[in-house]
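All remarks here apply to the structure that follows.
The values are calculated or read from the model by the stated rules, or taken from the named source; none is laboratory data. Computed from a prediction, not measured in an experiment: that's the story for all the values here. Cβ: placed from backbone, ideal geometry, glycine included. Neighbour counts: every protein chain shown. SASA here: full protein model, heavy atoms, side chains in, ligands and nucleic acids out. Shrake-Rupley method; radii C 1.70, N 1.55, O 1.52, S 1.80 Å.
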Amino acid sequence: MTKRLSSVNVESTSENRLKFRETLFSAEGMKNYIGGVILYDETIKQKTSSGKSIPDLIKSLGSIPGIKVDTGAKKLAESPEEKITEGLDGLGKRLDDYKNLGAKFTKWRAVISIGDSIPSNYCIEANAHALARFAGLSQEAGLVPIVEPEVLMDGAHSIDDCFRVTESVLKEVYDQLNRSEVHLEGTLLKPNMVLSGKSAEGRATPEEVAQATVSCFKNTVPSS
């Protein structure tokens, strides 16, 4: 939000951020084109000029408010080139608070990089385990978890490398979800596409990306 406001020479204060969001969420297009809105901790607690909360404003236009609950990706211990998403500490209490504020779903994003000798099994397992714990806690609080294991497109890797890594990540994520007894039908998957790295030579075509992505998910994501 700060970057967006700075680009038009507007100071990024809480008041200006609220004005932007109130304008955005009051648009008529919300009724026809936006099914859900992922909010942040600041946003879900804000009230509009009329005294209505941001979640209530979103719901009044027929959309569903949700909340991002991870606290970002940090360096993974003993593997500085890789990341682990944090935010599990105190998550149960925060989830209860967010539900009381009007949230209906949650989101947690894990990031996996492709490079020389990475991703490691350690990184994949650690992030999959965190995703499973997040999903279980969300369902326990009566919220629908959006599970987002994202294999990043940064790098020069081939589409075949991305396929292999995405397949490994998804298999581990669903293994961890099952071991944690997460109700899979009560989750949403927010995946990456299977594609070449953005700095790769001879990048895959859109048709190749579509075929690889569908094939990868068909092989790894449970159908029910």
Residue selected from the range 189-214 under the condition polar (S, T, N, Q) and without any contact (Cβ under 8 Å) to a residue 24 or more places away in the chain, by the criterion most open to solvent (accessible area, probe 1.4 Å): Gln211
Some residue of the range 110-131 being modelled with pLDDT of 95 or more, under 30 Å from Lys47 (Cβ atoms) and either surrounded by 16 or more Cβ atoms within 10 Å (Cβ to Cβ) or hydroxyl-bearing (Ser, Thr, Tyr) (or both): no
Residue count, the range 1-42 (criterion: polar (S, T, N, Q) and touching a Pro at 6+ places or on another chain (Cβ under 9 Å)): 0
When residues of the range 24-61 are limited to those that are surrounded by 14 or more Cβ atoms within 10 Å (Cβ to Cβ) and among the acidic types (Asp, Glu), the one nearest to Leu188 (Cα to Cα): Asp41
Condition met for Asp41 (closer than 20 Å to Ser138 by Cα, among the acidic types (Asp, Glu) and in contact (Cβ under 8 Å) with a residue 12 or more places away in the chain): yes
The range 87-107, residues that are part of a loop (DSSP other than H, G, I, E, B), closer than 19 Å to Val37 by Cα, open to solvent by 20 Å² or more (accessible area, probe 1.4 Å) and not hydrophobic (A, V, I, L, M, F, W, C): Lys104
Failed item in (1) without any contact (Cβ under 8 Å) to a residue 60 or more places away in the chain; (2) under 21 Å from the mean Cα position of the chain (by Cα), with Ser50 passing the rest: (2)
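Somewhere in the range 119-141, is a residue of a type in the set (Val, Ile, Thr), touching a Ser or Thr at 6+ places or on another chain (Cβ under 8 Å) and farther than 26 Å from Lys74 by Cβ?
For the range 119-141, residues of a type in the set (Val, Ile, Thr), touching a Ser or Thr at 6+ places or on another chain (Cβ under 8 Å) and farther than 26 Å from Lys74 by Cβ: absent.
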Answer residue from the range 64-86, given it is open to solvent by less than 30 Å² (accessible area, probe 1.4 Å) and within 22 Å of Leu39 (Cβ to Cβ) and is farthest from the chain's Cα centre (by Cα) among those: Pro65
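Here's the yes/no breakdown for (1) in contact (Cβ under 8 Å) with a residue 40 or more places away in the chain; (2) among the aromatic types (Phe, Trp, Tyr); (3) in a helix (DSSP H, G or I):
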position: Ala128; (1), (2), (3): yes, no, yes
position: Leu131; (1), (2), (3): yes, no, yes
position: Ile146; (1), (2), (3): yes, no, no
position: Arg164; (1), (2), (3): no, no, yes
Out of Glu22, Glu125, sole residue that is over 30 Å from Gly155 (Cβ atoms) and out of contact with any Phe, Trp or Tyr (no Cβ under 7 Å at 6 or more places or on another chain): Glu22
Index of the failed condition, Val173 passing every other in (1) outside any helix (DSSP H, G or I); (2) of a type outside the set (Asp, Glu); (3) open to solvent by less than 30 Å² (accessible area, probe 1.4 Å): (1)
Considering residues of the range 6-23 that are open to solvent by less than 90 Å² (accessible area, probe 1.4 Å) and among the charged types (D, E, K, R) only, the residue farthest from Ile54 (Cα to Cα): Arg17
